[in-house]
Amino acid sequence: MQNMDVEINFKNILVAVDDSDDALLAFKYAISRAKSEGAKLTIVSVLEDEEINVFQSLSGQFVHGKYEDLEKHLEKYKQTAEAAGVADVDIIASTGEAGETIIKDVLPKVNPDLLVVGSESKKGLARHFGSQAAYMAKYSPVSVMVIR
């Protein structure tokens, strides 16, 4: 066997956050990795459909307000990453089903070489239908780091 001292450096890291404990650990890991490798860090969060009831969805103002709240919340994540020493930080707020939205919509736009996710979300109906992390690990065209 040849020398296995191969170092893998990522230049563009995408991390998914949803305020769960696992996602916060994933965020901390992504900050550390981005800082040590001089990588760009993009932070994404998805406003999931099941978090909005049918009456709220009829109110464009409600959905727009929730989306604005999510964007403001992501700004705090961005400030935390920058304060930790990550030079290039971007944020993306999206709507839909988290795993599918990240894989089908966000990944093609960001074009990361590493996706970092927490292992289990405690929010929404997703916890009943399987792990979003498992979905992303299965369908992602790039490397996925699942943080437990």
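Every number here is computed from the coordinates shown, using simple stated rules; none is lab data. Keep in mind the model is a prediction, meaning the values are calculated, not measured. Here the Cβ is made from the backbone with ideal geometry for all residues, glycine too, and neighbour counts use every protein chain on show.
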So how far apart, in nm, are the two label points at Lys11 and Asp90 if each is 7 Å from Cα heading toward Cβ? 1.4 nm
Pairs Lys40/Lys72; Lys35/Lys66; Lys72/Lys138: which are spaced more than 28 Å apart, C-alpha to C-alpha? Lys35/Lys66; Lys72/Lys138
Say each of Lys109 and Lys35 gets a label point 7 Å from the Cα, pointing the same way as Cα to Cβ; how far apart are those two points in nm? 2.8 nm
